[in-house]
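Peer 1: I am attaching a structure below and will ask some questions about it afterwards.
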Amino acid sequence: MTVKFSQVSFTYQKGTPFEHLAIQNIITSFEQGKYYAIIGQTGSGKSTLIQHLNGLLKPSEGHLTIDDITITHKTKDKALKEVRKRIGMVFQFPESQLFEDSVEREILFGPKNFGMPVEQVKERAFQLLMDLGFNRDIFQQSPFQMSGGQMRKIAITSILAMDPDIVILDEPTAGLDPKSRKQIMEMIKKLQVEQNKTIILVTHEMNDVATYVDEIKIMNQGQLVETCTPRTLFKDTQYVSHLHLDVPDIVKLQRDIEHKHQFEFEKVALTEAEFIEMYKEWQRDER
Ligand SMILES: Nc1ncnc2c1ncn2[C@@H]1O[C@H](COP(=O)(O)OP(=O)(O)OP(=O)(O)O)[C@@H](O)[C@H]1O
Ligand SMILES: [Mg+2]
């Protein structure tokens, strides 16, 4: 699926004294199979932007297209049923929306509504749950007797079990322990690599942006100010801090080492493994 935003603006509570222009003149696109991050300061419009992708919010001005479906402020919810089936939206703190008393019922709820084959959905969910550290017993358990992290994993799985073409995640690992965070991020990357899913990740976690993402879209005060790769962005430490964002830990380490030795590597490393290679090569050349 290809998504195109054409001059999309959105105003909350339009026509009231509280009206607020949250995103402005957004022109951008998302291609199938790529991993995107949407980053930007708090209040910059990230959540507002992504909620247009499944028609939860409709543009106050402009329009977006999802393949051959056009969404404007006039589009009726009925026309969006197909889109909603193919776009999986994981909201912030999705565990708060769990309501069934067993994992199986929770996971089958959405797919059943869309008339999807139960066994296939269960098998898909099982594969995901194994990647997240569960075993098959999990299906009969109640989500409400689980830890917050486990509930989060169940909530994410229940969206992914619908097999969406585009997976949108708003801060999916916020507040979780490092192990759960890594399990979730690795599982999502696998969906992109092995199943060609489009991933759209809203995050403040720059280590994840460096490790997993193909393309970054930067929001600032309701506007999309930049589209670039992680390597281009994190190379420019000054620009990153100008946007009130952070650089990944590995870039901080690289900059410290460069500072100490009074020189600069040609490129910025995005992972530890990459940095170790660069460092070794440099030491070889130094000798
Ligand atoms: N329901 C609402 N009514 C009025 N204004 C809103 C509403 N929801 C969000 N806003 C405002 O719209 C702007 C963009 O909000 P949004 O939630 O999209 O930002 P965000 O980038 O997702 O922030 P965060 O990083 O904190 O999640 C903010 O100024 C916010 O206060
Ligand atoms: Mg948000």
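The values are calculated or read from the model by the stated rules, or taken from the named source; none is laboratory data. Just so it is clear, the structure is predicted and the values come from calculations on it, not from any experiment. Heads up, the Cβs are rebuilt from the backbone with ideal geometry, glycines too, and the neighbour counts pull from every protein chain shown. Quick note on the areas: whole protein, heavy atoms, side chains included, nothing else; ligands and nucleic acids left out. Shrake-Rupley method; radii C 1.70, N 1.55, O 1.52, S 1.80 Å.
Peer 1: Identify the residue in region 71-104 that is out of contact with any helix residue (DSSP H, G or I) (no Cβ under 9 Å at 6 or more places or on another chain) and of a type in the set (S, T, N, Q) and, among all such residues, is farthest from Val8 (Cα to Cα).
Peer 2: Only one residue fits best here, namely Thr75.
Peer 1: So how many residues does region 187-205 have that are away from ligand 2 (no atom under 16 Å from the Cβ), of a type outside the set (D, E, K, R) and open to solvent by 10 Å² or more (accessible area, probe 1.4 Å)?
Peer 2: Step one: filter region 187-205 for residues away from ligand 2 (no atom under 16 Å from the Cβ), giving 187-199.
After this cut, where a residue has to be of a type outside the set (D, E, K, R) as well, the list is 187-188, 191-193, 195-196, 198-199.
Going one step further and asking which of them are open to solvent by 10 Å² or more (accessible area, probe 1.4 Å), we end up with 191-193, 195-196.
Selection size over region 187-205: 5.
Peer 1: Let me ask something else. For region 84-131, name all the residues that are assigned to a strand (DSSP E or B) and open to solvent by 90 Å² or more (accessible area, probe 1.4 Å). Show your work before the answer.
Peer 2: Within region 84-131, the first condition is being assigned to a strand (DSSP E or B), and the residues that meet it are 87-90.
If the condition is that a residue be assigned to a strand (DSSP E or B) and open to solvent by 90 Å² or more (accessible area, probe 1.4 Å), then no residue fits.
Peer 1: Given the criteria open to solvent by 20 Å² or more (accessible area, probe 1.4 Å) and under 27 Å from Ile27 (Cα atoms), does Gln283 qualify?
Peer 2: Values: open to solvent by 20 Å² or more (accessible area, probe 1.4 Å): yes; under 27 Å from Ile27 (Cα atoms): no.
No.
Peer 1: What are the residues in region 183-227 that are over 14 Å from the mean Cα position of the chain (by Cα) and more than 16 Å from Thr42 (Cβ to Cβ), if any?
Peer 2: Within region 183-227, Gln183, Val193, Glu194, Gln195, Asn196, Leu224, Glu226, Thr227 qualify.
Peer 1: Hey, any hits in region 1-10 for a residue that's near ligand 1 (Cβ under 10 Å from one of its atoms) and either more than 25 Å from Val209 (Cα to Cα) or touching a residue at least 60 places away in the same chain (Cβ under 8 Å) (or both)?
Peer 2: Step one: filter region 1-10 for residues near ligand 1 (Cβ under 10 Å from one of its atoms), giving 10.
Next, only the ones that are either more than 25 Å from Val209 (Cα to Cα) or touching a residue at least 60 places away in the same chain (Cβ under 8 Å) (or both) stay: 10.
Yes, region 1-10 has at least one match.
Peer 1: All but one of (1) more than 14 Å from ligand 1 (Cβ to nearest atom); (2) out of contact with any Ser or Thr (no Cβ under 6 Å at 6 or more places or on another chain); (3) not small (Gly, Ala, Ser) hold for Glu61; state the number of the condition that does not hold.
Peer 2: (2)
Peer 1: For region 3-19, does any single residue satisfy the condition of being among the aliphatic types (A, V, I, L, M), over 19 Å from the mean Cα position of the chain (by Cα), open to solvent by 40 Å² or more (accessible area, probe 1.4 Å) and modelled with pLDDT of 95 or more?
Peer 2: Step one: list which residues in region 3-19 are among the aliphatic types (A, V, I, L, M), which gives 3, 8.
Subsequent filtering for residues that are over 19 Å from the mean Cα position of the chain (by Cα) retains 8.
Retained after the next criterion (residues that are open to solvent by 40 Å² or more (accessible area, probe 1.4 Å)): none.
Scanning region 3-19 turns up no residue that is among the aliphatic types (A, V, I, L, M), over 19 Å from the mean Cα position of the chain (by Cα), open to solvent by 40 Å² or more (accessible area, probe 1.4 Å) and modelled with pLDDT of 95 or more.
Peer 1: From the residues in region 23-53 that are part of a strand (DSSP E or B) and open to solvent by 10 Å² or more (accessible area, probe 1.4 Å), which one is nearest to ligand 1 (Cβ to nearest atom)? Break it down stepwise before answering.
Peer 2: In the first step, residues of region 23-53 are kept if they are part of a strand (DSSP E or B); the result is 23-30, 35-39.
Now narrow it down to the ones that are open to solvent by 10 Å² or more (accessible area, probe 1.4 Å): 24-25, 27-29.
Values: Gln24: 11, Asn25: 15, Ile27: 18, Thr28: 15, Ser29: 19 Å.
Of everything passing the filter in region 23-53, Gln24 is nearest to ligand 1 (Cβ to nearest atom).
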